[in-house]
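Asks: Submitted below is the structure of interest, expressed as structure tokens.
The values are calculated or read from the model by the stated rules, or taken from the named source; none is laboratory data. Note that the structure is predicted; figures quoted are calculated from it, not measured. Positions of Cβ are backbone-derived with ideal geometry, glycine not excepted, and every protein chain shown enters the neighbour counts.
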Amino acid sequence: MRLALLFTGLVLFTRCLAQQAEPPKLLFKEDWNELPPFDVMTPYSLTQKDVMNPDLIQTLYGPGQDSIKKRHHGTATDPYYVYTGFCRSNWALALSDKKFYIDLTGDAVVRCRVRNSGFRPLHIIIQMASGNWFISDQVAEPSSVWQVHDFVIKDIKWSLLNIKTVTPGIVVDNPELHYGSHWLTQIDRIGFTDLMNGGLSNACSRVDWIEVYANPSRK
């Protein structure tokens, strides 16, 4: 009898560990397509036509949004990436799923491949379904090589974000108190910014792709 109870307990314990260790599933990825133009000297800004994932809507923000571009250097190993070196002021880019809100509770992660330069740390930004915008304290630091960075949502402290000017506001110490205990369950948009203007290749953000590992919440 004791052996049977011990065996049952071990089985339940193992199942519990397996459930806790299960990583969040990939909700969506955006890699931006390979369609021209991608020469930075061409007078254009990034548009919805550059978005590869048909389920996503891309929106640009800030006074520098008209100079966010897609860049590629013509080699097979070089990615097609978002480039902000020509932005004359603050900028931001956000993506929204056409069918689902994003549930960023639990072990949700935002992963991106970046190569920033010139003191341009990259923050992620989120918008609640209610319209409030927030910016992360965590950043992907500048690097001379491409690197993959994980933003672990439950480890992030958030500040309010003025999306028109793309400038941060006060730190929200207890968002659950101000916006409700389920405030992260209905995120409408998620994106990124470095809160700065561009300075050509020596001072810019480069984003190859972004992945969101989270649960969907139907709109």
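Asks: Please verify whether region 75-98 includes one or more residues that are among the charged types (D, E, K, R), farther than 13 Å from Glu30 by Cβ and crowded, with 17+ Cβ neighbours inside 10 Å.
Replies: no
Asks: Here's a follow-up. Pairs needed: first member in region 125-139, farther than 13 Å from Ser96 by Cβ; second member anywhere, of a type outside the set (Ser, Thr, Tyr) and modelled with pLDDT under 95; C-beta distance under 8 Å; at least 6 residues apart or different chains.
Replies: If the second residue must be of a type outside the set (Ser, Thr, Tyr) and modelled with pLDDT under 95, the pairs left are Phe134/Pro175.
Asks: Looking at region 51-63, can you tell me whether even one residue there is farther than 22 Å from Thr167 by Cβ and more than 18 Å from the chain's Cα centre (by Cα)?
Replies: Filtering region 51-63 down to residues farther than 22 Å from Thr167 by Cβ leaves 51-57.
Adding the requirement that they be more than 18 Å from the chain's Cα centre (by Cα) leaves none.
Checked region 51-63: no residue is farther than 22 Å from Thr167 by Cβ and more than 18 Å from the chain's Cα centre (by Cα).
Asks: Related question: Going by what's in this entry, would Trp209 be described as assigned to a loop (DSSP other than H, G, I, E, B), touching a strand residue (DSSP E or B) at 6+ places or on another chain (Cβ under 9 Å) and surrounded by 17 or more Cβ atoms within 10 Å (Cβ to Cβ)?
Replies: Against the criterion (assigned to a loop (DSSP other than H, G, I, E, B), touching a strand residue (DSSP E or B) at 6+ places or on another chain (Cβ under 9 Å) and surrounded by 17 or more Cβ atoms within 10 Å (Cβ to Cβ)), Trp209 does not qualify.
Each row is one residue, and each column tells you yes or no for (1) out of contact with any Gly (no Cβ under 8 Å at 6 or more places or on another chain); (2) assigned to a helix (DSSP H, G or I); (3) under 26 Å from Leu27 (Cα atoms).
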{"position": "Ile57", "(1), (2), (3)": "yes, no, yes"}
{"position": "His73", "(1), (2), (3)": "yes, no, no"}
{"position": "Arg120", "(1), (2), (3)": "yes, no, no"}
{"position": "Ile124", "(1), (2), (3)": "no, no, yes"}
{"position": "Ser130", "(1), (2), (3)": "yes, no, yes"}
{"position": "Gln138", "(1), (2), (3)": "yes, no, yes"}
{"position": "Pro142", "(1), (2), (3)": "no, no, no"}
{"position": "Val145", "(1), (2), (3)": "yes, no, no"}
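The rows are residues; the columns are (1) among the polar types (S, T, N, Q); (2) over 18 Å from Arg206 (Cβ atoms).
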position	(1), (2)
Arg120	no, no
Ser130	yes, yes
Ser136	yes, yes
Val139	no, no
Val152	no, yes
Gly169	no, yes
Ser181	yes, yes
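Asks: Now, a different point. Would you tally the residues in region 86-112 being under 18 Å from Ala214 (Cα atoms) and part of a strand (DSSP E or B)? Can you show your working first?
Replies: Filtering region 86-112 for residues under 18 Å from Ala214 (Cα atoms) gives 94-112.
When the remaining residues are screened for being part of a strand (DSSP E or B), the result is 94-97, 100-103, 109-112.
Final tally of qualifying residues: 12.
Condition check ((1) surrounded by fewer than 15 Cβ atoms within 10 Å (Cβ to Cβ); (2) at pLDDT 95 or above; (3) touching a Cys at 6+ places or on another chain (Cβ under 8 Å)) across all residues:
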| residue | (1), (2), (3) |
| --- | --- |
| Arg120 | no, yes, yes |
| Ser136 | no, yes, no |
| Pro142 | no, yes, no |
| Asn162 | yes, yes, no |
| Asn174 | yes, no, no |
| Leu184 | no, yes, no |
| Leu195 | no, yes, no |
| Ala203 | no, yes, no |
| Lys219 | yes, no, no |
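Asks: Within region 141-161, is there a residue that is in contact with a Pro (Cβ under 7 Å, 6 or more places away or on another chain), within 30 Å of Asp39 (Cβ to Cβ) and of a type outside the set (Asp, Glu)?
Replies: So far as region 141-161 goes, yes, one or more of its residues are in contact with a Pro (Cβ under 7 Å, 6 or more places away or on another chain), within 30 Å of Asp39 (Cβ to Cβ) and of a type outside the set (Asp, Glu).
Asks: Kindly list, by first and then second residue, each pair from a residue in region 28-57 that is over 26 Å from Ala214 (Cβ atoms) to a residue that is modelled with pLDDT of 85 or more and assigned to a loop (DSSP other than H, G, I, E, B), limited to pairs with Cβ atoms under 6 Å and residues at least 6 apart or on different chains.
Replies: Filtered contacts from region 28-57: Glu34/Tyr80; Phe38/His72; Ser45/Ile68.
Asks: Let me ask something additional. From the set of residues in region 116-135 that are among the polar types (S, T, N, Q) and over 13 Å from the mean Cα position of the chain (by Cα), which is farthest from Asp188 (Cα to Cα)? Write out each step before concluding.
Replies: Here is the first cut: in region 116-135, the ones among the polar types (S, T, N, Q) are 116-117, 127, 130, 132.
Subsequent filtering for residues that are over 13 Å from the mean Cα position of the chain (by Cα) retains 116-117, 130, 132.
On the way: Asn116: 26, Ser117: 29, Ser130: 9, Asn132: 10 Å.
Residue satisfying both the conditions and the ranking: Ser117.
Asks: Of the residues that sit in region 144-160 and are aliphatic (A, V, I, L, M) and touching a residue at least 40 places away in the same chain (Cβ under 8 Å), which one is surrounded by the most Cβ atoms within 10 Å (Cβ to Cβ)?
Replies: Taking the candidates together, the pick is Ile153.
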